[in-house]
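Data block below; observations after.
We did not get these values from a lab; they are worked out from the coordinates using the rules stated. This one's a predicted model, so the numbers in the text were calculated from it and none came from an experiment. Reconstructed Cβ throughout: ideal geometry from the backbone, glycine too, with neighbour counts over all protein chains shown.
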Amino acid sequence: MNILGLISRNFRRDPATYRYPERHVPATRFRGIVRNDTAKCIACGICDHVCVSGAIVVVGHDDHCDWSYDPGRCTFCGRCVDLCPGEALSQDGDRAPTYARSGDLAQGEQITYPACPECGLPARPYNERLLMIAHDDISPEFRERIKLCERCRRRRSQTVLTKGLGGAADTERNADGA
Amino acid sequence: MTVGRALFQLLVFPGLLYAVPVAWLMLWMERKLTARLQGRIGPPFYQPFFDFVKLLAKRPLPRPPLQALAMSALPVLAVAGTLGALALLPVFPHSGGFTGDLVLLVALLEIPPLCAVLAGFVSRSIYGELGATREAVLSIAYSLPFLAALVALAAAANSLSLSVISQQAMWQVRLPALLALALCLPVKLRVNPFSVANAEQEIYAGATTEFEGPRLALWELAHGLEWVALTGLWAVLAFPAANAAWPLRAVVFVAISLALVLVLAAVAAATARLKLAQAARVYWLWGSALGVLAMVVAVVWP
Ligand code: SF4
Ligand code: SF4
């Protein structure tokens, strides 16, 4: 009679139930609450786009971007973390603490856009890692240009272009004249 | 039995005042022991009381008038029937009773299962109907040994009065009869291995699935009272010492009832649910064998 041994052993032992706040140790690579490292975030909005449950909302403004996250809606699927191009997102390795009201654990981050070194207006944030992926060889001139706001960058490109074209035209004219 | 005496038995002991707290205590004991045997913590002892109060405080669902009436009346009837049965238990042998109270007791004890069957059909839920059907089949199955045991006891004591039976039935009859009655307890209380009528993993709560709020609270109370009444009946029949002083009788009555609850809970925790046909076969075969044995002994013993 296996069952008799089983129930008498259960009876003698302490209950297996965990009493709050005691908890199971979470498994390795447990997918918990999503965190945003704002220093790496480039406010691209991909996380907002891929989050099926609408837990992440990214709203862009002129000089900053509001990144908000509600764990009460999150299904902890990890899609946002997988697809974040800047590797800004990560997930806690443990369960979220207990909370009383939906929205208690909601996080809101503000990603301030850096000022353009030329005109002082807000420029898009950039991420070193992404730069490395896109261009494996980064010249000092390129690094400087990436910090500019869009307008200044366009203007810089224009100048370079006209200078380059002008230079070429001059050379051609000179060659003709010769 | 004088009116005062009858009222005392109905309202104080072993009736309302005793039975309701003990019903909750027994429900708790059953849940707690089952939990411990399964390695869980189990509820605190006031849990059945809290469950009852919480259910009472809920607003009942709006239903068509006739259905609402039936669904409210049936649990009330079940509670009333069980309380009546409790009042008839001859805990104190000289407390009166009357000739034929055995018949009344059997009738009153049959009210809750009957109400449960009706409740299952009245609630118009497929699970309720399944539970009610199973309940009906089982009640046919266990009625044979249950009634045979009681008839054998009555024949042995040559009386239809409960107090006479509890005092005078001889042990040769009493033993198989008590065994047959004990076999009937789990199915009447719907616990394992004969819990097919409210098999929660397949048909939710069986006949009471659609019940909610105060109506469900009354069912829970009726269920608890059934525990008190049935274990009490067994205790009364198992302890015939006529000369014992009344406090001793009361204490032994309570002790046997509670011990029986523990035994039933342990059996429930150690067994798995039998299928309807298997459960019915146990009663038709082994239950009836015990009942018939008791009856034969009662008739042929000099
Ligand atoms: S883990 Fe899944 S559900 Fe949660 S925020 Fe990321 S994408 Fe949305
Ligand atoms: S960088 Fe990552 S965290 Fe920031 S907006 Fe894009 S996907 Fe979201």
Counting other C-beta atoms within 10 Å, which of A:Lys147, B:Lys54 has the fewest, and how do the rest follow?
-> B:Lys54, A:Lys147
Might you list the cysteines of the protein assembly as shown that have no disulfide-compatible partner by the rule of another cysteine's Cβ under 4.7 Å?
-> A:Cys41, A:Cys44, A:Cys51, A:Cys65, A:Cys74, A:Cys77, A:Cys84, A:Cys119, A:Cys152, B:Cys115, B:Cys184
Work through the residues other than A:Leu6 whose Cβ is under 13 Å from its Cβ and net out their charges, Lys, Arg +1 and Asp, Glu -1.
-> +4
Calculate the dipole size of the protein assembly as shown relative to its Cα centre from +1 charges on Lys and Arg beta carbons and -1 charges on Asp and Glu beta carbons; express the result in debye to the nearest 20.
-> 1180
What percent does the relative contact order of segment B:21-83 come to when contacts are Cα pairs within less than 8 Å and at least six residues apart?
-> 23
To the nearest whole number, what is the average tally of beta carbon atoms from other chains within 10 Å of the beta carbons of peptide A:7-20?
-> 4
Evaluate peptide B:265-272: per residue, the Cβ atoms of other protein chains within 10 Å of its Cβ; return the mean as an integer.
-> 2
Partner shielding of B:35-41, taken as the mean number of other chain Cβ atoms within 10 Å, equals 6
